[in-house]
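Inspection log for the structure reproduced underneath, given as structure tokens.
The values are calculated or read from the model by the stated rules, or taken from the named source; none is laboratory data. Worth saying up front: this structure is predicted, and the values here are computed from it rather than measured. Backbone-built Cβ (ideal geometry, glycine too); neighbour counts: all protein chains shown. Ligands, DNA and RNA are excluded from the accessible area calculation, which covers all protein heavy atoms including side chains. Shrake-Rupley method; radii C 1.70, N 1.55, O 1.52, S 1.80 Å.
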Amino acid sequence: MHQANFVVFVCITYVAILFAVAFAGDRRARKNPAGLLSSPLVYTLSISIYCSSWTFFGSVGSAAKNGLEFLTIYLGPTIVFAGWWLFLRKLVTVGRVHHTTSIADFISARFGKSPVLGALITILALVAITPYIALQLKALTASFQVITYPAGAVVAASRPLEPDFAVAFWLAAGLCLFSIVFGVRNIDVNERHHGVIAAIAVEALVKLVAFMAVGLWVFFVLSRTPDLMFRNAPASLMSPEEGFAARWVALCFLSGAAVICLPRQFQVTVVENSSEEQIRTASWMFPLYLLLINLFVIPIAMAGLNNLPPGSDPDLFVLTLPMTNGGETVGLLAFLGGFSSATSMVIVSSIALSTMISNHIVMPLALRFSLVPTGGGQSARNFILVARRMSIVFTIFLGFTYFWISRTSGALASIGLISFCGLIQPLPSLIAGLYWHRATHRGAIAGLAAGFLIWAYTLFLPSFKGAFLMSADVIANGPFGLNWLNPHALFGLDAFDPLVHALFWSMTVNTALLVIVSLLREPTPLTRFQATLFIDIFRRQTESELGVIRRTARVSELRQIADRILGPVESVSLFDKGDVEPAVIASDELITLVETRLAANVGAASARSLVSRVVTSETISVDELKRLAGEAEQIRAYSAELESKSRQIEATAAELAEANDRLREIDVQKDEFLSQVSHEVRTPMTSIRSFSEILLKNRDLDESRKLHFLGIIQSESFRLTRLLDGILDLNFLEPGTQTWEVTVFDPETAIDQAIETCEPLARAAGVRIKRGRRSRNARVLGSRDRLTQVFINLVSNAIKHNTSANPEVVVTGAAGRKGFYEARVTDNGPGIPLKDRELIFTKFFRGQKARQGGVGLGLPISRQIVERFGGDLSCTSAKTKGAEFVVRLPLRFD
Amino acid sequence: MSKTRVLIVEDEPHIVESLSFILQRADFEVDTALDGTEALRRLSRHIYSVLILDIMLPGISGLDVLRAVRSDRALDRLPVIVLTAKGQAADRSAAEAFGATAFITKPFSNTEIVERVCQLAAGVSK
């Protein structure tokens, strides 16, 4: 035995060394954040707080009682870490990127920063962690008693040690002090506790070394021959049919989930993580640590069973074996190992829980009831610090209370499993949060609450064995004698032991409600947005709320909050940007930045609540949300767009092809036209040149001949002039060249004017022009001059081509049917053959008879003019012999 | 000895008049036709030494006349001067294919056309 004072002295010295490590760690971290403390080794060692005193003492106890079953507790975590790429990597990356402060903060942030969810998980964790802390207190107390009692007294005890609650109380008080001084010195900005992690890493090494020392001592000192070792192997250890039954599977699942969901594991694995490198290394180093610490479990268990009298508490073999066999130094080391595993677990758990309690219960309540001090300086920060310290004390003494109430029952391992089963209830929400866009905060709340209640009813309350809330009768037979509500056989399911039973029901109902309730309602915009940030973490890490949620706030009010929570130093760095004139209204960026900084201190939900107090307007931009909506939607939208674009392109291509055809046609027409024009120009030119040459070379010609030839030259010159005029007219009529002065006028006046102009020509040719019927008050829209030109052309044609003996031209006008004005120019000449009636309107058409000096452009031009005013010009056969041309123009009635 | 006989087929009266005048001055006997039908009629009635043929004729075109001439055994060696214009390369190459002897472009030079007719008429008389 060791003197109690000596043991206390050793403990205090050890703690002092840990303090020194923590302080040195903090100082180093400030100087060089990327140094040893951020190394994967320290990170992995800190994760090994998974091995609490339950491992240190309980593994041997479990092996002595249940054989290899203890391995399941390490198999689950090994699978999770070895398969880190599947889940852990995403979880840790999201936590790091979003400055998560705890598992409650993580889930609450994911589901629209729901304060209810954060509070629910906190209460759940607080209740579920209580047996676990009690477990540590129990182990610590027992180990202290064993090491200070005379060896004979311990061995002689046929039943487990009666715990000394005085020792337990002082240990609890010491742990409170320890945790407060270590973990809650400030409300750390980035929530990474470098000092604590350094101390935890040292403790992890100490417990590993201590346990292996006991194992080696058993191997090399106590059991010199293997024969002695295996003389009395426990029966359960030798019966392999126990393995891989429902309980094994359940325990693997439970421990795998626990290594993610336990508040302290979430704290060291996710919150304290600073790089992917850390998790990559931990994926093999942590399983290796688990392997090493379990290496000597079976030898120690067997040595204990063989060496110690029957009835000895196997949970204490690690201590009692050396203490009763002359290995007192090894015993002291084992005590320190157990001390390390218990303290490190309690410290980190209480720090994690105090963060959760202060951020998700105290802060929201204080905000709601305006209890946060509004005075300047540090008062708000101090308020949070006090809240956290109180939370630590509260958490640890809740554990102490549980220990006291349940003092009569439970081995270490079974208490640990009760705790695990409660603490893993957030798992479905966590997984859904990382992989399922559709999950809503209502679904998460429903699932968690149901899982929590089922766990409490089927496992937690019965663990008191009738000493607390639930009577022994209810545990055995169900409430009011309703056996289907039996806590250990809900709905008659009695095939499993209580742990597997509770795990099955709580997880099934939890998951089912999460899915069903989520599907009942659409997620809120904020939840949808957060879902995108979490689930698509590897796709867009730089995305922020910026641009999606537009808020406005006064800078002064925002700053007041920042001053109170973040402290003046950080506040200044946020708000005072050199000599830039401070704005009155805060930008989106500034509000988001402040909220991010606040969230790192008080959690996302409280940060949002704080900021929303000063935000005057908040709108969620639908466009941005749409942009962030699922990838599939984007692809669908994109392909739809492509489709419509390709349709547009097709349409455009068709239009272009059409335009091209039109252009080609016009080009052909143009070529034809040019060819015709050149021919028409060449003909008079040929005559002119030929006759000029004749006149030049034949000076002997008589006068009359000369005059005749000169006359031809003159008339061909006129022909050329007319041709040019006609071509210019044609050009003038081409679409889009020029607009004429358009008026509403009486078309009869145009006819009158045309007849007047043609009168001399008619007299010369001996043709009579008769003015026939005329319309009254007819009105058409167009150019009077152009229409006169048309009639002149028609009347002069009628005069020129009339070969009748008694030639005459009749012009009539009438307001005809269907709202058209009709003018007819009729002659009694030879008429126009039916086959030529359309051809005469083509350019340069030659009639069967040689032309009378015309150029073949008059009728095409006339037709174009009439068509330009919405009418038409056609050639019909006259009732009598001769030609008749009809001009039709739409009447105007206004 | 009778004069050498030339047929002018051309629908423009003034060009016919000028061609007739200069060829008569060069001591040819000139017949004229204003369209293809008349030209073929005259060709069937008289023997000509040279045919001057405009290609753009109303009704039966100059090319039709040329083809008729070349397919007639009695006329297949008759020299034919085709009157063309620039910008009517297609017509010219068609005329060449049908067996036109020479081409003269409008507006022509009086001297050139007389020299050409003399050459061809001389060739025939040999």
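Which of the numbered conditions does A:ASP700 fail, given that it passes all the others? Conditions: (1) over 30 Å from A:THR842 (Cβ atoms); (2) open to solvent by less than 100 Å² (accessible area, probe 1.4 Å).
Going through (1) over 30 Å from A:THR842 (Cβ atoms); (2) open to solvent by less than 100 Å² (accessible area, probe 1.4 Å) one by one, A:ASP700 breaks only (2).
Would the stretch A:262-273 turn up any residue that is in contact (Cβ under 8 Å) with a residue 24 or more places away in the chain, among the charged types (D, E, K, R) and surrounded by fewer than 19 Cβ atoms within 10 Å (Cβ to Cβ)?
No, the conditions are met nowhere in the stretch A:262-273.
Inside the stretch A:648-670, can you point out the residues that are open to solvent by 90 Å² or more (accessible area, probe 1.4 Å) and within 14 Å of chain B (Cβ to nearest Cβ)?
Answer for the stretch A:648-670, where residues must be open to solvent by 90 Å² or more (accessible area, probe 1.4 Å) and within 14 Å of chain B (Cβ to nearest Cβ): just A:LYS670.
How many residues are within 13 Å of chain A (Cβ to nearest Cβ) and open to solvent by less than 10 Å² (accessible area, probe 1.4 Å) when one looks only at the stretch B:35-54?
3
Suppose the filter is on the phi > 0 side of the Ramachandran plot, within 14 Å of another protein chain (Cβ to nearest Cβ) and modelled with pLDDT under 85; does A:GLY856 pass it?
Taking the combined requirement at face value, the residue satisfies it.
Taking the stretch B:1-34 as the search range and keeping residues that are of a type outside the set (A, V, I, L, M, F, W, C), buried (at least 16 other Cβ atoms within 10 Å of the Cβ) and facing chain A (nearest Cβ under 9 Å), which one is nearest to A:PHE691 (Cα to Cα)?
Ranking the qualifying residues of the stretch B:1-34, first place goes to B:SER18.
If I ask for residues that are of a type in the set (Gly, Ala, Ser) and either part of a helix (DSSP H, G or I) or under 14 Å from A:GLY871 (Cα atoms) (or both), which ones from the stretch A:762-793 would you list?
Hits for the stretch A:762-793 are A:ALA762, A:ALA764, A:ALA765, A:GLY782, A:SER783.
Being crowded, with 17+ Cβ neighbours inside 10 Å and more than 13 Å from B:GLU96 (Cβ to Cβ) is the filter here, so list the residues in the stretch B:63-73 that pass it.
Within the stretch B:63-73, B:VAL65, B:ALA68, B:VAL69 qualify.
Hey, among the residues in the stretch A:691-706 that are assigned to a helix (DSSP H, G or I) and farther than 14 Å from B:SER18 by Cα, which one's nearest to the other protein chains (Cβ to nearest Cβ)?
A:SER704
Within the stretch A:87-135, count every residue that is closer than 22 Å to A:ALA456 by Cβ and among the hydrophobic types (A, V, I, L, M, F, W, C).
Matching residues across the stretch A:87-135 total 18.
I need the full set of residues from the stretch B:64-96 which are at the interface with another protein chain (Cβ under 10 Å from one of its Cβ atoms), hydrophobic (A, V, I, L, M, F, W, C) and not in a helix (DSSP H, G or I), in order please.
Answer for the stretch B:64-96, where residues must be at the interface with another protein chain (Cβ under 10 Å from one of its Cβ atoms), hydrophobic (A, V, I, L, M, F, W, C) and not in a helix (DSSP H, G or I): B:LEU83, B:ALA85.
Quick check, is B:ILE104 within 14 Å of chain A (Cβ to nearest Cβ), open to solvent by 10 Å² or more (accessible area, probe 1.4 Å) and in contact (Cβ under 8 Å) with a residue 12 or more places away in the chain?
In short, no.
Touching a residue at least 12 places away in the same chain (Cβ under 8 Å), aliphatic (A, V, I, L, M) and part of a helix (DSSP H, G or I), is that true of A:ILE666?
Here the answer is no, as A:ILE666 does not meet what is asked.
Quick one: would you say B:LEU57 is open to solvent by 10 Å² or more (accessible area, probe 1.4 Å), in a loop (DSSP other than H, G, I, E, B) and within 14 Å of chain A (Cβ to nearest Cβ)?
Against the criterion (open to solvent by 10 Å² or more (accessible area, probe 1.4 Å), in a loop (DSSP other than H, G, I, E, B) and within 14 Å of chain A (Cβ to nearest Cβ)), B:LEU57 qualifies.
Among the numbered conditions (1) at pLDDT 85 or above; (2) open to solvent by 10 Å² or more (accessible area, probe 1.4 Å); (3) under 16 Å from A:SER62 (Cα atoms), tell me where A:GLY311 comes up short.
All conditions pass for A:GLY311, except number (1).
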